[in-house]
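The values are calculated or read from the model by the stated rules, or taken from the named source; none is laboratory data. What you see is a predicted model; the values in this text were computed from it and never measured. A quick note on method: Cβ atoms are made from the backbone with ideal geometry, for glycine too, and the neighbour counts reach across all protein chains shown. The accessibility values were calculated without ligands, DNA or RNA, using every heavy atom of the protein model including side chains. Shrake-Rupley method; radii C 1.70, N 1.55, O 1.52, S 1.80 Å.
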Amino acid sequence: MTEEEMRKRLEVLRIEHRDLDAAIAALAGAGVPDQLQIARLKKRKLKLKDQIMMIEDYLIPDIIA
C-alpha cells in the first residue's frame, strides 16, 4: 500500500469514525435506546480508532529528539 493510498484510507476511516459517533449519539438520544446496538457501534468505533492510530503511526513516525 502506497503512502497516498494510506492517506486516503485514513480519511475514510476518520469519516466512518465520525459517522459512528453521530449514530451512537442518535441512538442514545432515542426514547428507549437499544443498548446492544450502541455497544456494537462503540466496539466498531474502537476498532476504527485502532486502525487510524496504526496508520498515523506509520505515516508520522516518532522522532526522538
Legend entry - For the range 28-40, Karplus couplings with θ = phi - 60° (6.51, -1.76, 1.60), whole Hz, Gly/Pro x: 5, x, 5, x, 10, x, 8, 4, 5, 5, 4, 4, 5
Inset, instruction - Would you mind counting up the charge near ALA39? Only other residues with Cβ under 15 Å from its Cβ, with Lys and Arg at +1 and Asp and Glu at -1. - result: +4
Inset, instruction - With the full set of protein chains in place, find how many percent of the accessible area of the chain is carbon and sulfur; take the probe as 1.4 Å. - result: 58 percent
Legend entry - Stretchable slack from ALA23 to LEU36, in nm (0.36 nm times residue separation minus alpha-carbon distance): 3.3 nm
Inset, instruction - Note down the relative contact order for the chain as a percent, whole number, built from C-alpha pairs under 8 angstrom at least six residues apart. - result: 43 percent
Inset, instruction - Once you have the Cα-Cα distance between ARG44 and THR2, take 0.36 nm times their residue separation minus that, and quote the gain in nm to one decimal. - result: 12.6 nm
Legend entry - For the chain, size of Cβ-based charge dipole, Lys and Arg +1, Asp and Glu -1, in debye: 380 debye
Legend entry - Paired Rg and Dmax values of the chain, which use every Cα atom, in angstrom: 15.2, 52
